[in-house]
Amino acid sequence: MFEIKMHHIQTIVKDAGFGGTSPIIVKANNKEYILKTKEDGTLQKSLGIFNELLSYQLISYLNLNIAPQEIVYLLIDDNFIEMAQIAYNENIIKQESLENIKNSKGVNLGIEYINNAMDPLNKTVANKTFIKKLAYIDNYIMNCDRTKDNMNILQDKSNLKKYYAIDFGNALVDGVLYEKILEDGKECIDILTQGIFTNCNVTLSKRYFLKENIKKLVKKGYKNKEDIDTIRNILKEIINKFPPEWEPLEYKDCIIEIIALRMKNNKIFLTNESNKCPCIY
């Protein structure tokens, strides 16, 4: 796990040119980052960046080494909103990006922009170790958002065997789990009793393009030696440091319990079709 620094945004570089949430590339502390905003036009407020930060911290905790990008907090204030308005007027960013920025005052997320990377050649990931590690984290945090045309994976231009995992914003099964938590309440007793979200395998989703590889590579899951209480405490330590203004923190206890149970439950890697999670996109 890593400490996260707060930065003011110096300049807007350009539109990111990808992503349904219309992210933009900005410069802060003389470094380029992809700005992920609290309001992203898709998920409930703050859920996307909550999912992103939780995923990157778990990747660090598990020593998976598939996402070395630096993560920082980026402050959106009135000065930056004015900067964004000018960038929109000059056709540098989209209207959707501007609206997301206007609705996201406060602490947002910056993910290091990797200049020397590209979409995987031939839409293929030729690194079995990377695929296996990616399946671990995607299944733990319930992220099925990896289609053949939008893998959310980058390949290093200088070292074609090196890949980067990106974009975990649609975790918690596209926000379906979070919607269920909002309906069920903070105790989420019904969700835990049903056991759907603590047992299902998101890598069986039709959208998960690595599906066939996973069946061969991931049979028993990740061997996590920590006991369930230790994992709960690690998740609490991670999430309790998130900005208190992020709305999912109100329901953190339920999210922590479900993910902790998944991290100690190798049934989530079973590959029978009845074990699929309810991804919707």
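Given charges of +1 on the Cβ of Lys and Arg and -1 on the Cβ of Asp and Glu, with all other atoms neutral, how large is the dipole of the chain about its Cα centre, in debye to the nearest 20? Walk me through the intermediate numbers first.
Values: 38 positive and 37 negative charges, 337 e Å.
Dipole of the chain, to the nearest 20 debye: 1620 debye.
Out of segment 155-213, which trypsin sites (Lys or Arg not before Pro) are coil in DSSP terms and have no more than 11 other C-beta atoms within 10 Å? Don't skip to the end; give the middle numbers.
Values: sites: K157, K161, K162, K180, K186, K206, R207, K211; in loops: K157, K161, K162, K186, K206, R207.
Qualifying residues, ordered by number: K161, K206.
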Given the candidates L47, I66, Q10, the one whose Cα lies deepest towards the positive end of the charge dipole of segment 6-112, counting +1 at each Lys or Arg C-beta and -1 at each Asp or Glu C-beta, is I66
Here the convex hull volume per residue of segment 6-112, taken over Cα atoms and given in Å³, is 92
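Starting from the eigenvalues of the Cα gyration tensor, five times each then square-rooted, give me the equivalent ellipsoid semi-axes of segment 119-275, largest first, whole Å.
Numbers: eigenvalues 152, 62, 48 Å².
Here the semi-axes work out to 28, 18, 15 Å.
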With the charge dipole of segment 119-275 built from beta-carbon charges (+1 for Lys and Arg, -1 for Asp and Glu) about the Cα centre, the Cα from A165, P248, I258 projecting farthest to the positive end belongs to A165
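Working from the alpha-carbon coordinates of the chain, get Rg over Rh, Rh being the Kirkwood radius. Can you show the working numbers first?
Working: Rg = 18.4 Å, Rh = 19.2 Å.
Across the chain, the Cα-based Rg/Rh ratio is 0.95.
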Checked segment 1-64 against the a/c 1.5 cut and the a/b vs b/c comparison, axes a ≥ b ≥ c from its Cα gyration tensor; verdict oblate
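Suppose every Lys and Arg Cβ carries +1 and every Asp and Glu Cβ carries -1, with no other charges. What dipole size does segment 119-275 come out with about its Cα centre, to the nearest 20 debye? Don't jump to the answer; show the numbers that get you there.
On the way: 27 positive and 23 negative charges, 275 e Å.
Magnitude of the dipole: close to 1320 debye.
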The FRET efficiency for A126 and D77, from their Cβ-Cβ distance with R0 = 30 Å and rounded to 0.05, is 0.10
Counting only backbone N atoms under 20 Å from a point 7 Å out along Cα-to-Cβ of I86, the residues of segment 30-54 in range are 30-33, 35
Simple SL model, points at 7 angstrom along Cα→Cβ for N30 and Y281; separation in nm is 3.6
Taking r as the C-beta separation of N233 and I189 and R0 as 25 Å, the FRET efficiency to the nearest 0.05 is 0.70
Net charge (Lys, Arg +1; Asp, Glu -1) of residues whose beta-carbon lies under 9 Å from that of C188, C188 excluded, is -3
Taking Lys and Arg as +1 and Asp and Glu as -1, residues besides T198 with C-beta under 9 Å from its C-beta add up to +1
CD proxy, 222 nm, the chain: helix-only mean residue ellipticity via -39,500 (n - 2.57) per DSSP H run with n ≥ 4, per residue, nearest 500, stands at -10500 deg cm²/dmol
Taking R0 as 22 Å and r as the Cβ-Cβ distance between K225 and N199, the FRET efficiency 1/(1 + (r/R0)^6), rounded to the nearest 0.05, comes to 0.55
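We did not get these values from a lab; they are worked out from the coordinates using the rules stated. Nothing here was measured: the structure is a model prediction, and the numbers come from that model. All Cβ positions, glycine included, derive from the backbone under ideal geometry; neighbour counts span all protein chains shown.
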